[in-house]
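Everything below concerns the one structure shown next.
The values are calculated or read from the model by the stated rules, or taken from the named source; none is laboratory data. Being a predicted model, the structure only gives us computed values, none of them experimental. Virtual Cβ from ideal backbone geometry, glycine too; neighbours counted across all protein chains shown.
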Amino acid sequence: MSKFAEKYGPWAVVTGASAGIGTEYALRIAERGVNVVLVARRRDRLEELASTIEDMYRVKARVAPADLTSRDIVEVLQPAIADLDVGLLVNCAGMGTTGPFLDQDPGIQEAMLNLNCRAPALLTHELAQGMRERGRGGVIVVSSLSGFCAARGMTNYNATKAYDLIFAEGLASELKAHGVDVQAMCPGGTYTEFQRVAGLEPKNFGPLQRLMFTTPTAVVAMSLATLGGRVTVVQGWMNRLLVISMKLMPRRISTWVFGAFMERFSAGH
């Protein structure tokens, strides 16, 4: 058994596992010898991924189709997780929208709050109890570069990612003494279907695209390599430079600058 599996096994729960960064987390965790519970809405994608994982890595993969915006998400997932010793939770599922907040569908904005904030909080509260009792385990909360700064056109999304960031940092301080590692993973632009769904367009950055965008493989590799070492992880030197810049600028200036970036980034630009 690998050291990773000893610390974070025997089971991991990965939300948002049907695509992008979530799929990559599931594959790389399974590669390290940990069984995985795959959580997302699309059963067909989850079943395909589960089959791939079991064939490639000889671990167990359990499919748990669920709508993570549901207000009773813990109860919905109980049949899939109640009999398991979960040593790692990856809160990866997320959504975003672009455009003026008052022009957005309030139902979609509420769903974003439920998916990006409420689900990670409730699932962490449920699953980290056992980790604390056993004195080992880990929780990864996928935040974003956007969590460091407000921006017009992404008002609610950035606020949800700021919640994820602060939630993970505070939780890390609480659980460190209990042997449970908590990480706030903060990717910048990543080539996933999230960009299309959120109405964002990487090519609008022109030559900067190569510096500001990365792959799910790179994001997850850095996340798992630093789990237990660093709490707040920003992938990519350009993104780390942006975070430093945001912290040094007056907030009203950084809000304007980051908003200008997002306007250029939007598919409708």
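Listed here are the residues, each with its yes/no results for (1) modelled with pLDDT of 95 or more; (2) in contact with a helix residue (DSSP H, G or I) (Cβ under 8 Å, 6 or more places away or on another chain).
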{"position": "Met1", "(1), (2)": "no, no"}
{"position": "Pro10", "(1), (2)": "yes, no"}
{"position": "Val14", "(1), (2)": "yes, yes"}
{"position": "Arg32", "(1), (2)": "yes, yes"}
{"position": "Leu38", "(1), (2)": "yes, yes"}
{"position": "Leu49", "(1), (2)": "yes, yes"}
{"position": "Tyr57", "(1), (2)": "yes, yes"}
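Would you point out the residue of segment 174-185, among those that are assigned to a helix (DSSP H, G or I) and in contact (Cβ under 8 Å) with a residue 40 or more places away in the chain, that is nearest to Leu122 (Cα to Cα)?
Of everything passing the filter in segment 174-185, Leu175 is nearest to Leu122 (Cα to Cα).
Of everything in segment 1-11, what is closer than 18 Å to Met222 by Cα and either touching a Leu at 6+ places or on another chain (Cβ under 7 Å) or assigned to a strand (DSSP E or B) (or both)? Give them in sequence order.
The one that is closer than 18 Å to Met222 by Cα and either touching a Leu at 6+ places or on another chain (Cβ under 7 Å) or assigned to a strand (DSSP E or B) (or both): Tyr8.
Just the residues that are touching a helix residue (DSSP H, G or I) at 6+ places or on another chain (Cβ under 6 Å) and not hydrophobic (A, V, I, L, M, F, W, C), please, taken from segment 63-92.
Taking segment 63-92 first, the residues touching a helix residue (DSSP H, G or I) at 6+ places or on another chain (Cβ under 6 Å) are 63-66, 68-70, 73-74, 86-92.
Pro65, Thr69, Ser70, Gly87, Asn91 - these are the residues of segment 63-92 that are touching a helix residue (DSSP H, G or I) at 6+ places or on another chain (Cβ under 6 Å) and not hydrophobic (A, V, I, L, M, F, W, C).
For every residue, the table says whether it meets (1) β-branched (Val, Ile, Thr); (2) within 21 Å of Glu133 (Cβ to Cβ); (3) more than 19 Å from the chain's Cα centre (by Cα).
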site: Pro10; (1), (2), (3): no, yes, yes
site: Ser51; (1), (2), (3): no, no, yes
site: Ala66; (1), (2), (3): no, no, no
site: Ser70; (1), (2), (3): no, no, no
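So which residues in segment 28-62 are assigned to a loop (DSSP other than H, G, I, E, B) and crowded, with 16+ Cβ neighbours inside 10 Å?
Within segment 28-62, Arg32, Gly33, Val34, Val59, Lys60 meet the criteria.
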